[in-house]
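Right, one structure below, let's go through it.
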Amino acid sequence: MFKASSIALGALCAMLVASSQAVAADAANGEAAFKKRCVACHTVEKGKNKVGPSLFGIVGKKAGTAEGFKYSASYVEAGSKGLNWTEDKIVPYLQDPKDFMEKVTGNPKAKSKMVFKLKPENERQDIAAYLATVK
Ligand code: HEC
C-alpha cells in the first residue's frame, strides 16, 4: 500500500511539474510565434489595422474597440457585455475565436471574421504573454 501510494504521489508530482511548465508563458517565444502566426492580419502598432485590428495594448482593453476597425457585431457586443482582454481570455480565444464569441455573447450564431485557430496551448500562452508587453 505504501508503495502504491508513493508511486501515485510520484506521478502527481510529475504532473504538477509538467503543468507548471506549461503555465510558464514566455513572452520572447511569444513574439517569435506572433511574427509567424499573426502578422499576416495584425500589427502591434498603435492605430495600424490590417485585415485584423491593431493589437497594440490589447491586454487590458475592451473587446471590439480598436480605433477605425470595423468589427463583427459579436465583438462589439462582447465588449459591451464586459469582455476585457486578459492573458487568460486570449489563450482560449485563440483556440477557436468563433466558439469563444458564442460563449461570451451567449449567441450560438455569433460571428467572427477571424477564422484562424491556433491549437498548441503553449504557443497561445506565449503569444498572450507577449501581447501583454505591447503597450
Ligand atoms: C487571417 C487573418 C487573421 C489571423 C491570421 C489572425 N487574426 Fe486575429 N483577428 C482577425 C480579424 C479579422 C479580427 C476581427 C474579428 C471580427 O471583427 O469579427 C481579429 C481579432 C482579434 C482579436 C480581438 C481584437 C479586439 O480588438 O477585440 C485578437 C485578440 C486577435 N485577433 C488576436 C490574434 C492573434 C494573437 C493571432 C495570431 C495567433 C491572430 N489574431 C491571427 C484576423 C486574423
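Residues of region 26-131: accessible area per residue at 1.4 Å, in Å²?
Result: 56 Å² per residue.
Quick check: from the Cα gyration tensor, does region 41-131 come out rounded (a/c under 1.5), prolate or oblate?
Details: a/c = 1.45, a/b = 1.06, b/c = 1.37.
Rounded, because the longest to shortest axis ratio a/c is under 1.5.
With unit charges on the beta carbon (Lys/Arg positive, Asp/Glu negative), name the residue among GLY30, GLY106, TRP85 whose Cα is farthest towards the positive pole of the charge dipole of region 26-131.
It is GLY106.
Give the carbon-plus-sulfur fraction of the accessible surface of region 26-131 in %, rounded to a whole number; probe 1.4 Å, heavy atoms of protein chains only.
54
In debye, nearest 20: dipole of region 26-131 around its Cα centre with unit charges on the Cβ of K, R (+) and D, E (-)?
Dipole size: approximately 480 debye.
So which of LYS81/LYS109; LYS98/LYS135; LYS36/LYS109; LYS109/LYS135 end up more than 24 Å apart by C-alpha?
Checking Cα-Cα distances, LYS98/LYS135; LYS36/LYS109; LYS109/LYS135 exceed 24 Å.
The values are calculated or read from the model by the stated rules, or taken from the named source; none is laboratory data. Values in this document were obtained by computation on a predicted structure and should not be read as measured data. No Cβ is skipped: glycine too gets one built from the backbone with ideal geometry, and neighbour counts run over all protein chains shown. Please note that ligands, DNA and RNA were not included when accessible areas were found on the heavy atoms of the full protein model with its side chains. Shrake-Rupley method; radii C 1.70, N 1.55, O 1.52, S 1.80 Å.
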